[in-house]
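First up is the structure itself, then whatever we jot down about it.
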Amino acid sequence: MRFRRSHYSHLNLLDYDAYIDEPQDYKGKWNEVFSNNNDLEIEIGCGKGKFIIEHALRNPNKNYIAIEKVDVILALCGEKINELGLKNIRILNYDANKLEEIFDEDEISKIYLNFSDPWPKNKHQKRRLTHSKLLNVYYNFLKDASYIEFKTDNRNLFEFSINEFIINEKYNLESVNLDLHKDQELSKDIITTEYEDKFKNMGNEIYKLVSKKV
Ligand SMILES: C[S@@+](CC[C@H](N)C(=O)[O-])C[C@H]1O[C@@H](n2cnc3c(N)ncnc32)[C@H](O)[C@@H]1O
């Protein structure tokens, strides 16, 4: 998927109502941002936001935060949210490695990780969003008995991630699916991401795991 930053250089995150410029200010107070106490779910590395925007559309009684470290990609997510007039979603231009600065204990009801960058070299393992170091960070702000859902088409990253959840005693691995779209009838109801659509259409198997905070 080729992405040309220059095509989108006119976009400015500050133009989007959903954009939160100083998310550190809301640590422990995200319910004030949404003016309600509804469950708050986050996607880390949301890309253009297709997946989390669809969740926000289907679930008006939940709140969502889309997190993406590349500003222009996140701006495309902001564009779509503006078009739809969605009020239950916010966007953050933030790095997953600093999430403890913006979320407090028990603030988050679910975490979605979709098609995270694989970082194939062993020396870069710690950059993977399912590395145990980050699972420990997520643990601190996830509510008890809440879930992390992870999808990818990358076999090596998936096997690595299963292992990270198994060795981490703070989580129970609840389910592993090695071909999420095998049943076409069931597949129709699955909310997909941009990358998922692309790789599914190429014939790749899509893997999914669900893990629960103990
Ligand atoms: C391969 S794309 C997948 C995008 C989307 N989730 C999908 O499935 O279509 C991975 C995204 O994660 C973002 N990302 C990677 N590392 C990140 C980090 N440490 N913090 C926040 N976003 C990150 C990248 O910028 C990229 O947009």
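Things worth noting here:
- For the pair the range 74-147 / the range 10-34, the C-alpha centres are spaced 15 Å from each other.
- Charged-residue dipole, Cβ positions (Lys, Arg, Asp, Glu), the chain about Cα centre, Debye nearest 20: 720
- With 10 Å bins beginning at zero, the pair-distance distribution over Cα atoms of the range 146-214 amounts to 20, 50, 26, 4 %.
- For GluC sites (Glu not before Pro), the sites in the range 56-120 that DSSP calls loop and that have at most 14 other Cβ atoms within 10 Å are E105.
- When you filter the GluC sites (Glu not before Pro) in the range 123-184 for DSSP loop state and at most 10 other Cβ atoms inside 10 Å of their Cβ, you are left with E169.
- Proportion of all alpha-carbon pairs of the range 1-101 beyond 23 Å (%): 20
- Sequence-distant contacts, meaning Cα pairs under 8 Å at least 6 residues apart, place the relative contact order of the chain at 20 percent.
- P(r) of the chain over all Cα-Cα pairs, binned every 10 Å from zero, in whole percent: 8, 34, 39, 18, 1
- Neighbour-count order for R127, R5, R155, fewest beta carbons within 10 angstrom listed first: R5, R155, R127
- If the chain linking Y8 and M202 were pulled fully straight, counting 0.36 nm for each residue of separation and taking away their Cα-Cα distance, it would gain 67.1 nm.
- Spatially proximal aspartates and glutamates relative to K48 (Cα-Cα < 14 Å; intrachain offsets below 8 disregarded): E68, D71, E79, E83, E194, E196, D197
- Of K87/K212; K69/K151; K121/K143, pairs whose Cα-Cα distance is over 26 Å: K87/K212; K121/K143
- Helix-only CD estimate at 222 nm, as mean residue ellipticity for the chain, using -39500 (n - 2.57) per DSSP H run (n ≥ 4): -8500 deg cm²/dmol
- Taking other C-beta atoms within 10 angstrom as a stand-in for reagent exposure, V72, V176, V214 fall in the order V214, V176, V72, fewest first.
- Efficiency of FRET between N97 and V33 - r from beta-carbon atoms, R0 30 angstrom, step 0.05: 0.85
Read the figures in this text as sums done on the coordinates, not as results from a lab. Everything numeric here is computed off the predicted structure, so don't read it as measured data. For neighbour counting, all protein chains shown are included, and Cβ atoms are generated from backbone atoms with ideal geometry for every residue, glycine included.
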